[in-house]
Amino acid sequence: MTESKAVYIPPCKHPRIVIIGAGFAGIHLAKALKNKPFQIVLIDKNNFHQFQPLLYQVATSGLEPDSIVFPIRKIFRNYKHFVFRMTDVLSINSKNKNITTDIGIINYDHLVLASGSTNNFYGLKDVESNSIGLKTIQESLDIRSNILQNIEKANQSDDDATRRLHTSIVIIGAGPAGVETAGAFAEFKKFIYPKDYPELRNFPLQIHVIEAGKRVLSAMSEKSSKDSLNDLEKMQVHVHLDTAIKSYDGKTVELSSGETILSSNLIWTAGVKGQFPEGIDAKNITPSNRIEVDLFNKVKGHDSIFAIGDVAAMQTEDYPRGHPMVAPTAIQQGQHLAKNLQLEEANWKPFNYLDKGSLATIGKRKAVADFGKLHFRGKFAWFIWSTVHLISISGFKNKLRVGLNWVNNYVSYDKGNRLIIRKYKPKS
Ligand SMILES: Cc1cc2nc3c(=O)[nH]c(=O)nc-3n(C[C@H](O)[C@H](O)[C@H](O)COP(=O)(O)OP(=O)(O)OC[C@H]3O[C@@H](n4cnc5c(N)ncnc54)[C@H](O)[C@@H]3O)c2cc1C
């Protein structure tokens, strides 16, 4: 329900910065403005910050959800003139300098859109209705429940076709999320499935990755693509390159090659688009639904509105379609905007992205890493991947939980979290 009354925000003598979104961009902006002469109003529809790079581990039973989400209020304990409101922002009124949320109206002096991105199904309505994306903690739990429920159905059936339908997993997209998910399911298939489901010994999990492009991990080096494809194939993942999904009705995946795959488990990782509330001029929105910003992250045509992270498209010579939609972009833009907001506008500095390299893991001791022209694979890349992710997770307890889980998985080859916490009900 939309309320038209003002949301209570304690009075404050400082100018108010309203930040929509407590993802990497919003959190790092708010942290960098700690106790500065601004009132910070941080808004998110959830009361937690989620670490999206490890969503696939929740989906594949490697981690519990609470290991990769962190309470927003805990991050900002002891911050002065800081307010958090859990609400969904519905629209922006730039003329009146306020936003409408589902609990009422909030005024701003500066507004920062850090609302991230959502699944982009490129208009494939049937795929959208019948698949599950991998963008939120709720979706990763849905993927886990759906697959575990379907394997139970296969176990309960004496019909071969039903067993095959439920034991086939199709992942659309071979970017880092798709490759990492496929690798984790391949380990599940090898080390857990035969022990947990001995009645299905004649129906091994079939794992397919469908990629419209010519290589997996296309944003990484050719070497990384080749090495990861090699690893996936060794792990018995069927990778279909140069192939797009045409339709999916919940059972049959129809591919551009003319091939069909029967599966009740379709995971969508093939694309994202910016998400933000209504009220931004359509001419400032790119085809991937990101908001065009200038070199200071200011939304074109709006004086007091900024966009940072996935939702922002800053077109530069090096990045003509905007910076990569990854955590370092979001973090760096949040921190950079915090510096500019403390200066007179005439002294603002343009944003410069520092590319720290790319990493992806395919499984235990299998990863690829690109740092400029340097390329690593195998154990060393896997060690870097694990260390970088452990350092980046919010909260000591979460780092410890994730670290212990990984050690346990490493030693025992077991994924202890194959639990159906809440049952998944298919959307259609
Ligand atoms: C599966 C997966 C794996 C990934 N792996 C990697 C990786 O290995 N390395 C890497 O660098 N990047 C990775 N990324 C990308 C990275 O997570 C994103 O680039 C990053 O999260 C973007 O940060 P952000 O702050 O812009 O948006 P987000 O982190 O998406 O945060 C946006 C926030 O805004 C909130 N919000 C949105 N709309 C509203 C609204 N209307 N009202 C209130 N709140 C709202 C959301 O609840 C959310 O908390 C991965 C992403 C996914 C999905």
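The values are calculated or read from the model by the stated rules, or taken from the named source; none is laboratory data. Predicted model, so just to flag it, every value in this text is computed and none were measured. Cβ sites come from the backbone with ideal geometry, for glycine too, and all protein chains shown count toward neighbours. SASA here: full protein model, heavy atoms, side chains in, ligands and nucleic acids out. Shrake-Rupley method; radii C 1.70, N 1.55, O 1.52, S 1.80 Å.
Miscellaneous remarks
- Gaussian network model of the chain, Cα within-10 Å springs - most flexible of 374, 54, 262: 374
- Apolar share of the accessible surface for the chain: 53 percent from carbon plus sulfur atoms, 1.4 Å probe.
- Working note: 222 nm ellipticity from helices only, DSSP H runs with n ≥ 4, each -39,500 (n - 2.57), summed and divided by the residues of the chain, gives -9000 deg cm²/dmol to the nearest 500.
- When the alpha carbon gyration tensor of segment 1-113 is reduced to an equivalent ellipsoid, its three semi-axes come out at 27, 17, 11 angstrom, largest first.
- The Rg/Rh ratio of segment 125-270, with both radii computed over alpha carbons and Rh defined as the Kirkwood radius, is 0.95.
- Considering only 337, 386, 309, the residue lying farthest towards the positive end of the dipole of segment 301-428 is 386, judged by Cα position with unit charges set on Cβ.
- 3J(HN,Hα) couplings calculated from phi for segment 399-411 with the Karplus curve 6.51 cos²θ - 1.76 cosθ + 1.60 (θ = phi - 60°) are, in sequence order, 4, 5, 4, 5, x, 5, 4, 5, 4, 4, 4, 5, 6 Hz; Gly and Pro show x.
- Ordering of 58-67, 200-209 by packing [mean C-beta count within 10 Å, highest first]: 58-67, 200-209
- Cα gyration tensor shape for segment 1-67, rounded if a/c is under 1.5, else prolate or oblate: oblate
- Shape of segment 180-263, Cα gyration tensor, a/c cut at 1.5: oblate
- Charge sum, other residues only, whose C-beta stays under 12 Å from residue 14's C-beta, Lys/Arg counted +1 and Asp/Glu -1: +3
- Between segment 327-399 and segment 232-261, the alpha-carbon centres lie 32 Å apart.
- Cβ-based net charge around residue 201, under 15 Å, with every Lys or Arg adding one and every Asp or Glu removing one: +1
- With DNA, RNA and ligands ignored, accessible area of residue 77 (1.4 Å probe; Å², nearest 10): 150 Å²
- With a 1.4 Å probe rolled over the protein heavy atoms of all chains, the accessible area of 226, 31 falls in the order 226, 31, largest first.
- Candidate lysines for bridging to residue 5, where Cα separation is under 16 Å - those fewer than 8 sequence places away on the same chain excluded: 97
- Take every DSSP beta bridge whose two residues both sit in the chain; close to 45 percent of them are antiparallel.
- Cross-link partners of residue 31 among aspartates and glutamates (Cα-Cα below 17 Å; sequence separation of 8 or more within a chain): 44
- Electrostatic dipole magnitude of segment 125-270 [Cβ: Lys, Arg +1; Asp, Glu -1; Cα centre; debye, to 20]: 240 debye
- The lysine pair count for segment 125-270, using Cα distances under 18 Å and pairs eight or more places apart or on different chains, is 13.
- Reduced Cα scattering model of the chain, Debye log10 I(q)/I(0), q = 0.09, 0.12 Å⁻¹: -0.59, -1.03
- Spatially proximal aspartates and glutamates relative to residue 373 (Cα-Cα < 20 Å; intrachain offsets below 8 disregarded): 222, 227, 318, 355
- In this structure the chain gives 47 Å² per residue of accessible area when probed at 1.4 Å with all protein chains present.
- Summing charges over neighbours of residue 380, with a neighbour being any other residue whose Cβ is under 15 Å away from its Cβ, gives +3 when K and R count +1 and D and E count -1.
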